[in-house]
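What follows draws every value from the coordinates through simple rules; no lab data is involved. These numbers were taken from a predicted model, which means no experiment stands behind them. Glycine also receives a Cβ, built like all others from the backbone with ideal geometry; neighbour counts cover every protein chain displayed.
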Amino acid sequence: MLRLHDTATATLQELDLRDPGRVSMYVCGSTVYADPHIGHGRFALVWDIIRRYLRWSGLDVNFVSNVTDIDDKIIDRANAEGRSAADVARQYEVTWWESMDRLGVERPTSEPHATEYVERMVELIAELIERGKAYPGGDGVYFAAEAVADYGLLAHQPIDSLRVGARIEVDEERGKRSPIDFALWKFAKPGEPSWPSPWGAGRPGWHTECVVMALDLLGDDFDLHGGGLDLVFPHHENERAQAVAAGRRFSRRWAHSGMVVAEGGEKMSKSLGNVISLPDLLERYNPRAYRLLVLQAHYRSPLTVTPKTLSSAEQGMERLDALARRFPDARTAVVPDAAALDRFQARMDEDLGTVQAIAELFDLVKRANTLADQGNVGAAQPLAAAVYEMCRAVGLEIGGSSVAPGEDASAQAAARDVARRRGDYAEADAIRGQLQADGWIVEDTPEGTVIRR
Ligand SMILES: [Zn+2]
């Protein structure tokens, strides 16, 4: 079973499943107000790898990841461009999923949109007021953070030091009782999108959105809550505080993925001008190479993304693709080397040790090639089969570079998966027929339709 570094206890913890054999996990998704940058790409890949690895380990995974489609940043952009917030959110959600598809990131089991849950958010806020844990202020409804005894659990800081560290704002005007209190509901200014509430028209705060959607779709006491390291505090702290204050049991474990840094370890930030857009990166580099680059760093460490590290990952993909071309039968017709898979699994189970697992992978590539060079193809095949299997476990598609499916074929494969999920098998079969007519071999895998030549 996978052991991950649990942010709440700062120790490695095995997943402790509420329902045997089934993982329930929530990962904070995107706020759709701009094109995703490469940091979003790394984050999405890490969680896709964790999800796929859990499934490869034999578990069912219920993966919920939200779309924040109402937010201050969305409203700011809408105002600046003279269009509606819904219009802005729709546009950037399309861009988001396009990038995810190109990265081979699977769609979540559920992808709740914040705007679909506003009534439930209002209900939670009403309950928190009822319990004396929230109060209406000047510009919205606030959560009384100091009413939660272990507030600061994820930040690993006591309330006193959080209070001292909080940004000093014009709290009197806003009616905040403590600098660490945070908005659950924000009253609408003229022209802003709003929903009705007992306290005045407005919109939910971000922290309230996630706690409501997580509990609604996964239920109390779900297994794992994830996100980027930048979300530990205040976002996840505040999600958790609301659940605790409402008498609900929240996530059993917390895991966080590291950031992308520029050359020299410098933090990416817009003011530095070194933010690279994800669609740009995917235009310039093989999307599979970005997955390999992500795997070659530990998921909690900073990841340096530069033209050099990307090119080196592309070369790594070429070695894997060359192996796939040399051992095509090993994809399905050969039993993988059991000892190699055991070593892989042991490394992955230890806090997702992808660095060691990928080193193991390339060692196998080398050994398989050496054996085949010596004329011992029979001994090389199980090693090559283990390479295929390990790549499958982490979502690394290999063997496609000589005939990479173009956008059209990939789109058809994606459309076929959508049709299958809808139960429209006639349509799915028609698309399969078309792909086959175009010369593709169409495979059904747990990850969906895979096409190759
Ligand atoms: Zn969230």
Which entries of Lys186/Lys267; Lys267/Lys366; Lys73/Lys267; Lys189/Lys267; Lys73/Lys308; Lys73/Lys133 show an alpha-carbon separation above 25 angstrom in the structure shown?
-> Lys186/Lys267; Lys267/Lys366; Lys189/Lys267; Lys73/Lys308; Lys73/Lys133
About its Cα centre, the stretch 341-380 carries a charge dipole, from +1 on Lys and Arg Cβ atoms and -1 on Asp and Glu Cβ atoms, whose size in debye to the nearest 20 is 200 debye
Relative contact order, percent, of the chain when contacts are C-alpha pairs under 8 Å separated by at least 6 residues?
-> 17 percent
Output the Kirkwood hydrodynamic radius of the chain, Cα pairs only, in Å rounded to one decimal.
-> 23.8 Å
Spin-label point model (7 Å from Cα, Cβ direction): what's the Glu283 to Ala322 distance in nm?
-> 3.1 nm
Taking Cα pairs closer than 8 Å and at least 6 residues apart, the relative contact order of the stretch 15-257 in percent is 24 percent
